[in-house]
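S.K.: Dropping the structure in here first, questions after.
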Amino acid sequence: MTPNSAKCPLQLNERGNLRHFLSLDGLPRELLTEILDTADSFLEVGERAVKKVPLLRGMTVFNVFFENSTRTRTTFELAAKRLSADVINLNVSTSSTSKGETLTDTLRNLESMAADMFVVRHANSGAAHFIAEQVCPNVAIINGGDGRHAHPTQGMLDMLTIRRNKGDFSKLSVAIVGDILHSRVARSDMLALRTLGCTDIRIIGPQTLLPVGLEQYGVKVYTDMDKGLEGVDVIIMLRLQRERMQGGLLPSQGEYFRLYGLSEKRLAQTATDSIVMHPGPINRGVEIDSIVADCAQSRILDQVTYGIAVRMAVMSMAMSGQQEQQQINTAKEAL
Ligand code: CP
């Protein structure tokens, strides 16, 4: 087992290649760079008249989303189709989960239909790890977002957006602003930025929306947005996740925008060529001024486009690594 596969035994195969994509925690810089380079090469596919490559021809991908999604679900579907896979979108709200079928039974039934890959979104942190470890280890599992834990493809599409606009991560100041407590995107972004060499990562938000233990990510924490934004190159705004909040974590919406909203005035405190990002869905007037969301510095819609290429990269790499592991297992059994 290589050192990397020992650190990420679930995600990497015995040769250290991607097999599942569950979290960015522990993945080496070389692997993240390979994902970005592969995604860069797939961007061109989206500009062709026939937007297809045959890498997953004959493979079956199931999108299994137990939580709502617009961008992630559709871009995974497009990515799989551009790789020539057959794609099934399980509509969880009309599936037999409403009759009491468990997550495990649902996925085992889909596995019996010769599934090659599951893209899973679930409200519970750890759901994707559980499936990869306990339910379907021989199917490539891609995490489309699990609770507050991780959203690794969002993390990587954010990194692709930053790299394409700004280049070398080691020279950048990046601010992540808002509801950090409930944000799987913030966690994935912090891990990716650190691994890729960014040394000035600023986390900005009200004390009530900052989780404990942020220091482990090597970030600087600010409760004063004006101080935190000074001179930054990249601003990643986050949505207030009211659906995950219990109790009075916040003042009024108006007060929140006054203290933590990205206005034109605040944007002017950042570097003159700074870029504005947001994973979506955006709430105009809550965390971001409508004018800023649509301004020339905004890369919010580019992020969506880059998401297709990143998801193509991750899916093709994980499918290849899963097949490689099957061959290793078959060879071992034959001994
Ligand atoms: N960024 C993101 O995960 O958006 P969706 O919830 O629409 O997939």
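The values are calculated or read from the model by the stated rules, or taken from the named source; none is laboratory data. Keep in mind that what you see is a predicted model, and the values were worked out from it rather than measured. Cβ: placed from backbone, ideal geometry, glycine included. Neighbour counts: every protein chain shown. Note: accessible area is taken over every heavy atom of the protein model, side chains too, but ligands, DNA and RNA are not part of it. Shrake-Rupley method; radii C 1.70, N 1.55, O 1.52, S 1.80 Å.
S.K.: I'd like the orientation of helix 184-195 relative to the chain: the angle between its Cα long axis and the longest Cα principal axis, in ° from 0 to 90, rounded to 10.
M.R.: For helix 184-195, the angle is close to 90 degrees.
S.K.: In the P(r) worked out for the chain, what percent of Cα pairs fall beyond 27 Å?
M.R.: 44 percent
S.K.: Let me ask something else about it. I'd like to check one number: the per residue accessible area of region 152-299, probe 1.4 Å, reported in Å² as a whole number.
M.R.: With the other protein chains kept in place, region 152-299 gives 39 Å² per residue.
S.K.: Follow-up question, since we're still on this one. Take the eigenvalues of the Cα gyration tensor for region 152-299, scale each by 5, and report the square roots as semi-axes in whole Å, largest first.
M.R.: So the equivalent ellipsoid measures 21, 18, 14 Å along its semi-axes.
S.K.: Please list, in order, the residues from region 60-86 whose amide nitrogen is less than 20 Å from a point placed 7 Å along the Cα→Cβ vector of ALA123.
M.R.: It comes to 64-73, nothing else.
S.K.: Okay, next question. First compute the accessible area of the chain with a 1.4 Å probe, then give the percent of it belonging to carbon and sulfur atoms.
M.R.: Exposed carbon and sulfur together represent 49 percent of the surface.
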